[in-house]
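Working notes, beginning with the structure itself.
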Amino acid sequence: MNRAIETVGLTKDYGPFTLGPIDLTLPGGTILGLIGENGAGKSTLIKCLLGIVRPSAGQAKLLGRPAAEALGGVGYVPDECPFPGALKVRQTGGFLSGVFPGWDGALFAEYLKKFDLPGERKIKDLSRGMKMKLTIAAALAHRPRLLILDEATAGLDPVVRDEILDEFLAFVEDEDHAVLISSHITSDLEKLCDYVTYLHQGRITVQGPKDELLERYGKVACTREQLGRIDPAILVGRREGEYGCQALVSDRAALRRGCPDLAVDRCTLEDIMIFTTRGERK
Amino acid sequence: MRGFLRRDWALIRVNLWFYLLFLAGACLLAVFTDFSISICLILFSVINVMNLFAYDEANQWMGYAAAAPKGRRAMVDARYLLSLCVGGAMAVLQIVVGWLSAPAILQAAAGWLSVLQGMVFGGIYLLYTAVVLPVFYRFGIAKGRMVLILVIAALSGVAVAAASALEDQGVRVYGGLFLLVLLLGAAAMLVSWPISRAVMKKKEF
């Protein structure tokens, strides 16, 4: 598989809010993290990819085919467990086997065991973490080649999150598999992702290989006078306080060349997100 | 479609014992008293279908199902098939109870009469379901209830006006008219089904 996801000019117009145009590519064997503030358009983008909402313009291909034809090879994990609380855990396997053509009952049972999910317990009696694990088990049990997760780790404790992230890493060991995950928890994405796409107000603001971005971007603590000397072309955002300023630059090497007296530190995905969103505020 | 049908059936089974007790009680009342079971059966059948939509919304199931291969179409087809099965089972129950509740002296004629009752029940149920399903698919359960009240009120008005017009012209109720109700119901379902499919094809979640 060359490209698990490919979008060209994907747009969704809701009137007051417009997503896109989004040009996105996810190669096989990799994980793409989608970050952005609430309402940035992460869920809308995922829903456009899966055909849950209809794009206003542009094209989306999943696994090299138009999205609607590729859904059999896609495992979807929404932010809430979609299975009725009145049913028992094992019953989900019973009906999902008729929903997904590639359903593997033995694999589902294996995941239930691996995730410690009691088959006889009602779904409404499961914790949020267990419900999420059940949804992930269901997504993996029909042997997808592409996993799409919308805020799947939100509200989970670090132990459960770590367990789930390990599962995704194991999933992409196969070069034919890929994962798209949206999350607010940027530390998780730093651990997990090969690529990062940052959505801000419906548009892609930052995009690229995660290691390259973290290597290229830098955070500077300086005075107002020093801040004025930074090339505006590389200044992503700044925050001015009573005792000094902080700035995020998009090119550490360029900053070192232009302002050799400034100490520039490595930044995190959270820094990129905060400075891009709130960086203009003083 | 099989998976969606299984899910709906699993959800009905959650309250199956209560339903069976309720139906048994209603049947006994109908057999041994003058109690008419028809309204009871129609309400039971329709509430069953409405409950399934409530489950769908509570778990945002439709959005999830829309991301499954041919999910939109399959969930509509399954809901229609299940509605027909529930309606069919209730119609049979209506026929059996109608026959059992007839006085012994009229048992021979009661068979035919209860079949007519079953036809009317089936027809009314199909008409109602044919309206309910696309309305719920289009508007969801909360808004759908409001729209439904308006639609049912309008349909009832039309039915009363039609009955009054027939009466004025001296038309009597024949067995054929019962059959007509059933055929009308079946025709309404045949129209309703593609409408629901079209609604779900366009719907965004």
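No lab work stands behind these numbers, since they all come straight from the coordinates. In this text, all values refer to a predicted model and were calculated from it rather than measured experimentally. In this analysis, Cβ positions are derived from the backbone assuming ideal geometry, glycine residues included, and neighbour counts consider all displayed protein chains.
Taking every residue in A:38-50, how many Cβ atoms of other protein chains lie within 10 Å of its Cβ, on average?
If you average over the peptide's residues, the count of other-chain Cβ atoms is 1.
Give the peptides A:264-272, B:144-152 in descending order of average Cβ contacts within 10 Å, highest first.
Values: A:264-272: 18.1, B:144-152: 14.7.
For the peptides A:264-272, B:144-152, the packing ranking is A:264-272, B:144-152.
Give me the aspartates and glutamates in straight-line cross-link reach of residue B:143: C-alpha distance below 14 Å, same-chain residues under 8 apart excluded.
Leaving aside aspartates and glutamates fewer than 8 places away in the same chain, those within reach of residue B:143 are B:57.
Looking at chain A, what % of its DSSP beta bridges pair antiparallel, to the nearest 5? Present the calculation step by step, with values, prior to reporting the outcome.
On the way: 34 of 52 bridges.
Antiparallel bridges: around 65 percent, rounded to the nearest 5.
Amide H to amide H, which residues 5 or more places from residue A:200 or on other chains are under 5 Å from it, using H placed in the peptide plane?
Close amide H contacts, sequence-distant or interchain: A:205.
Could you tell me the ratio Rg/Rh of the range A:26-89? Both radii from Cα atoms, Rh via Kirkwood.
Working: Rg = 14.0 Å, Rh = 13.9 Å.
Result for the range A:26-89 is an Rg/Rh of 1.01.
Tell me the net charge near residue A:81. Cut-off is 11 Å between Cβ atoms, residue A:81 excluded, with +1 for each Lys or Arg and -1 for each Asp or Glu.
+2
Show me, for the range A:45-62, the HN-Hα J-couplings you get by feeding each phi into the Karplus relation (A = 6.51, B = -1.76, C = 1.60, θ = phi - 60°), rounded to Hz, glycine and proline as x.
4, 4, 5, 5, 4, 8, x, 6, 10, 8, x, 6, 7, x, 10, 10, 10, 10
How high is the relative contact order of the range A:3-212, given as a whole-number percent (alpha carbon pairs under 8 Å, six or more residues apart)? Intermediate results must be reported in sequence, preceding the final value.
Details: 414 pairs, mean separation 64.3, N = 210.
In percent, rounded to a whole number, it is 31.
Let me check I've understood the local charge: for residue B:4, count other residues with C-beta under 13 angstrom from its C-beta, Lys and Arg +1, Asp and Glu -1. What total comes out? It would help to have the intermediate numbers written out before the result.
Details: positive: B:2, B:6, B:7, B:70, B:72, B:73, B:79; negative: B:8, B:56, B:77.
Summing Lys/Arg as +1 and Asp/Glu as -1 gives +4.
Is the range A:1-112 rounded, prolate or oblate when judged by the Cα gyration tensor, a ≥ b ≥ c being the square roots of its eigenvalues, rounded requiring a/c under 1.5 and prolate requiring a/b larger than b/c?
Details: a/c = 2.22, a/b = 1.60, b/c = 1.38.
It is prolate, given that a/c is not under 1.5 and a/b is the larger ratio.
What ³J(HN,Hα) values, in whole Hz, does the Karplus curve 6.51 cos²θ - 1.76 cosθ + 1.60 give for the range A:154-161 when θ = phi - 60°, with x put for Gly and Pro?
5, x, 9, 6, x, 5, 5, 4
Please list, in order along the range A:130-146, the HN-Hα scalar couplings obtained from phi with the Karplus expression 6.51 cos²θ - 1.76 cosθ + 1.60 (θ = phi - 60°), rounded to whole Hz, x for Gly and Pro.
5, 4, 5, 5, 5, 5, 5, 4, 5, 5, 7, 6, 9, 6, x, 9, 10
Given the convex hull of the Cα atoms of the protein assembly as shown, what is a quarter of its surface area in nm²? Mind showing how you got there, number by number?
Details: hull surface 117.9 nm².
Reported value for the Cα convex hull: 29.5 nm².
What is the mean projected area of the alpha carbon convex hull for chain B, to one decimal in square nanometres?
On the way: hull surface 50.6 nm².
Averaged projected area of chain B's Cα convex hull equals 12.7 nm².
Computed FRET efficiency, Cβ-Cβ of residue A:212 and residue A:170, R0 30 Å: what is it to the nearest 0.05?
Rounded to the nearest 0.05, the efficiency is 0.75.
FRET efficiency for residue B:186 and residue B:153, Cβ-Cβ distance as r, R0 = 22 Å, nearest 0.05? Walk me through the numbers before you get to the answer.
Working: r = 23 Å, r/R0 = 1.07.
After rounding to 0.05, the efficiency reads 0.40.
Could you compute the FRET efficiency for residue A:229 and residue B:205, with r as their C-beta to C-beta distance and R0 at 45 Å, rounded to 0.05?
Working: r = 51 Å, r/R0 = 1.13.
Step by step, r from the Cβ atoms, then E = 0.35.
Per residue of A:51-63, how many C-beta atoms from partner chains lie within 10 Å of its own C-beta, taken as a mean?
Working: counts 5, 11, 5, 4, 0, 0, 0, 0, 0, 0, 0, 0, 0.
Per residue, the number of nearby Cβ atoms from other chains is 2 on average.
List every residue whose amide H lies under 5 Å from the amide H of residue A:14, counting only residues 5 or more places away in sequence or on a different chain, with H placed 1.01 Å from N in the peptide plane.
A:19
The range A:38-144: which trypsin sites (Lys or Arg not before Pro) are DSSP loop and have at most 14 other beta-carbon atoms within 10 angstrom?
On the way: sites: A:42, A:47, A:61, A:88, A:90, A:113, A:114, A:121, A:122, A:124, A:128, A:131, A:133; in loops: A:121.
Those that pass, being in a loop and sparsely packed, are A:121.
Which net charge results for the neighbourhood of residue A:21, defined as the other residues with beta-carbon distances under 14 angstrom from its beta-carbon, given Lys and Arg at +1 and Asp and Glu at -1?
Details: positive: A:12, A:203; negative: A:6, A:13, A:23.
That sum, taken over residues with Cβ under 14 Å, equals -1.
Mean separation of Cα pairs under 8 Å and 6+ residues apart, divided by the residue count of the range B:1-141: what relative contact order is that in percent?
Working: 100 pairs, mean separation 44.5, N = 141.
Across the range B:1-141, relative contact order equals 32 percent.
What number does the range A:217-277 give for Rg over Rh if you use C-alpha atoms and the Kirkwood radius?
Working: Rg = 10.3 Å, Rh = 11.3 Å.
Value, to two decimals: 0.92.
For residue A:75, what residues show an amide H to amide H distance below 5 Å, using hydrogens built from the backbone and excluding near sequence neighbours?
A:145, A:146, A:147, A:148
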